[in-house]
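Asker: Here it is, the structure in full.
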Amino acid sequence: MTTPGPSMRIGDDERHAAAAALGEHYAHGRLEAHEYEERVTAAYTARTAAELERLFADLPRPAPVMPPVRYVPVPDAYAPYGRHPVTGQPYSDRSKVIAGLLQLFLPFGVGRFYTGHYGVAVGQLLTSLVGLGVLWSWIDAIVLLAGRPNDPYGRPLRN
């Protein structure tokens, strides 16, 4: 359905819409009570679109209604696993829980192999042959689980 031209005859829907728009202008204080009554009466007796347009000639046109803008987060290519809330550093692709559990249940430096700390992992592996590395791995598991460990690139491990 198209909007009628100035000389086009109008129907009840257009008259009701004009009366509602006049009511909005009255509610905003742009029309006095007697002016509002006169214009609403004229709106209901109007036969063409031009007659309705004259009722709004001295009133501001309503601003177009814009659809609400939705926030869509943009993925961060440099931090696919998110960023640390305080430092802003990107999280590592490794998990500190998995690293800690590997250290606890496989005490040969497996958790440190997982995090990429190969020097510490080899040290724990070699000392586990004499029994001391098992204790070192268990203590390291507690440090991994309770602390804020980083990967070899300095990124904090995910939870």
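The values are calculated or read from the model by the stated rules, or taken from the named source; none is laboratory data. Everything numeric here is computed off the predicted structure, so don't read it as measured data. Note: ideal-geometry Cβ built from the backbone for every residue, glycine included; neighbour counts use all protein chains shown. Remember, those area values only see protein heavy atoms, side chains included, never the ligands or the DNA or RNA. Shrake-Rupley method; radii C 1.70, N 1.55, O 1.52, S 1.80 Å.
Asker: Quick one: how many Å² of HIS16 are accessible to a 1.4 Å probe, rounded to 10?
Answerer: Its heavy atoms expose roughly 100 Å² to the probe.
Asker: Bin all alpha-carbon pair distances of the stretch 36-141 at 10 Å intervals from 0 and give each bin's fraction as a whole percent.
Answerer: 13, 21, 13, 10, 6, 7, 8, 7, 10, 5, 0
Asker: Divide by every residue of the chain the summed helix terms, -39500 (n - 2.57) for each DSSP H run of at least 4, and state the resulting mean residue ellipticity at 222 nm, rounded to the nearest 500 deg cm²/dmol.
Answerer: -15000 deg cm²/dmol
Asker: If you find the alpha carbon centre of the stretch 1-65 and of the stretch 73-137, how far apart are they in angstrom?
Answerer: 72
Asker: Suppose every Lys and Arg Cβ carries +1 and every Asp and Glu Cβ carries -1, with no other charges. What dipole size does the stretch 43-159 come out with about its Cα centre, to the nearest 20 debye?
Answerer: Here the stretch 43-159 has a charge dipole of around 80 debye.
Asker: Over the stretch 110-159, what percent of the accessible surface lies on carbon and sulfur atoms, probe 1.4 Å? Could the numbers behind the result be given before it?
Answerer: Values: 2100 of 3020 Å².
Percent of accessible area from carbon and sulfur atoms in the stretch 110-159: 69.
Asker: Between exposed trypsin sites (Lys or Arg not before Pro) in the chain, where DSSP calls loop and at most 16 other Cβ atoms lie within 10 Å, what's the longest gap? All intermediate terms of the calculation are to be shown ahead of the outcome.
Answerer: Values: sites that count: ARG30, ARG47, ARG70.
Longest site-free region, per DSSP loop and neighbour criteria: 71-159.
Asker: Right, next: To the nearest 0.05, how large is the calculated FRET efficiency for THR41 and MET8 if R₀ is 35 Å and r is the Cβ-Cβ distance?
Answerer: About 0.95, to the nearest 0.05.
Asker: Related question: I'd like the Karplus ³J(HN,Hα) series for the stretch 69-85: coefficients 6.51, -1.76, 1.60, θ = phi - 60°, whole numbers in Hz, and an x wherever there's a Gly or Pro.
Answerer: 8, 8, 7, 10, x, 8, x, 8, 5, 8, 9, x, 9, x, 10, 5, x
Asker: Using only protein heavy atoms and a 1.4 Å probe, report how much of THR127 is accessible, in Å² to the nearest 10.
Answerer: Result for THR127: roughly 40 Å² accessible.
Asker: For the chain, with the dipole built from +1 on Lys and Arg beta-carbon atoms and -1 on Asp and Glu ones, taken about the Cα centre, which of TYR153, TRP136, PHE105 lies farthest toward the positive end?
Answerer: So the residue we want is TRP136.
Asker: Using +1 at the C-beta of Lys and Arg and -1 at the C-beta of Asp and Glu, which of GLY119, ALA17, PHE56 has the Cα lying farthest in the positive direction of the dipole of the chain?
Answerer: About the Cα centre, the residue reaching furthest to the positive side is GLY119.
Asker: Still on this structure: Connecting C-alpha atoms closer than 10 Å in a GNM of the chain, tell me which of PRO107, PRO149, PRO64 has the biggest fluctuation.
Answerer: Top of the fluctuation ranking is PRO64.
Asker: What ranking of ASP13, ASP93, ASP151 comes out by heavy-atom accessible area, probe 1.4 Å, highest first?
Answerer: Details: ASP13 115, ASP93 65, ASP151 10 Å².
Final ranking, largest accessible area leading: ASP13, ASP93, ASP151.
Asker: Shifting gears a bit: Exactly which chymotrypsin sites (Phe, Trp or Tyr not before Pro) in the stretch 111-156 are in a DSSP loop and have at most 15 other Cβ atoms within 10 Å?
Answerer: Values: sites: PHE113, TYR114, TYR118, TRP136, TRP138, TYR153; in loops: TYR153.
Passing both the DSSP loop test and the Cβ count: TYR153.
Asker: Let me ask you something else. At a 1.4 Å probe, what is the % contribution of carbon and sulfur to the accessible area of the stretch 55-108? Walk me through the numbers before you get to the answer.
Answerer: On the way: 2980 of 4340 Å².
The C+S portion of the solvent-accessible surface of the stretch 55-108 is 69 percent.
Asker: Rounding to the nearest 10 and keeping the result within 0 to 90°, find how far the Cα-based axis of helix 96-105 lies from the longest principal axis of the chain.
Answerer: 30
Asker: Over the stretch 5-159, average the accessible area per residue using a 1.4 Å probe and give it in Å², no decimals.
Answerer: For the stretch 5-159, the solvent-accessible area averages 69 Å² per residue.
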